[in-house]
1. Around Ala153, with a cut-off of 13 angstrom between Cβ atoms, what is the net charge of the other residues, counting Lys and Arg +1 and Asp and Glu -1?
2. Can you show me the helix-derived [θ] at 222 nm for the chain, built from DSSP H runs with n ≥ 4 at -39,500 (n - 2.57) apiece and divided by the number of residues, rounded to the nearest 500.
3. What's the angle, to the nearest 10 degrees (0 to 90), between helix 66-77's Cα axis and the longest principal axis of the chain?
4. With volume of the Cα convex hull per residue in Å³ in mind, check [x] 134; [y] 145; [z] 172 and report the label derived from this structure.
Amino acid sequence: MAASSKPPSERLRLFVAIELEPGVREALARVQDELRKRPLPPLRWVRPQGIHLTLKFLGETPADKVPAIESALAEAVAGLSPFQVALGPLGTFGGRRPRVLWIGVGGDVDRLKELQERVERALTPLGFPREERAYSPHLTLARLPPSAAAGPALEDALAAVPPPEAAMEALEVSLVLSRLQPGGTVYERLADFPLNKGAAPGVE
């Protein structure tokens, strides 16, 4: 585990995630390229290097909380072993007025959800409330501005573009800092928590 010290008065925009392997990012970029060829409404594309498999968004957090967060995450992953995740079908959030275009996550989803639940339980005592919605693992490809009207073009594109065949082994969980800058968001990994300490309880 590699940690980073920050001034205690600083507030950090943090989230917990599984980082993607280069091959998976390349597959996501190809999907985005295929979608760009379609007559879609204006979309704000997420750069492939900025796509993460998020487990929990912490938001603006006092820097002096980082050591406690790191200890909680180390405890959360204890006893868990690596597992496979794969890219799944495309979809949207937002109902009839979609706001997020995403690609689903398959593979060993039960293990992924167990890991996310452990992260939730570990961070709740530190003042990070549980998510109200059930965890739905996904990778965000693009966002639609509020003024955009998706119409049937987006549905047609989702049906026509097949999900890529790409998979990876989830080997660790990361605590990530995101800095919002004029040229785009910059990410810094503050600490890593390997999944290498034996099989998870109850998992053969």
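Every read-out reported here was derived from the displayed coordinates using simple, explicitly stated rules and does not represent laboratory data. Remember, predicted model here, so these are calculated numbers, not experimental data. Here Cβ is always computed from backbone atoms with ideal geometry, including for glycine, and neighbour counts include all displayed protein chains.
1. +1
2. -8000 deg cm²/dmol
3. For 66-77 against the chain, the angle is about 80 degrees.
4. [x]
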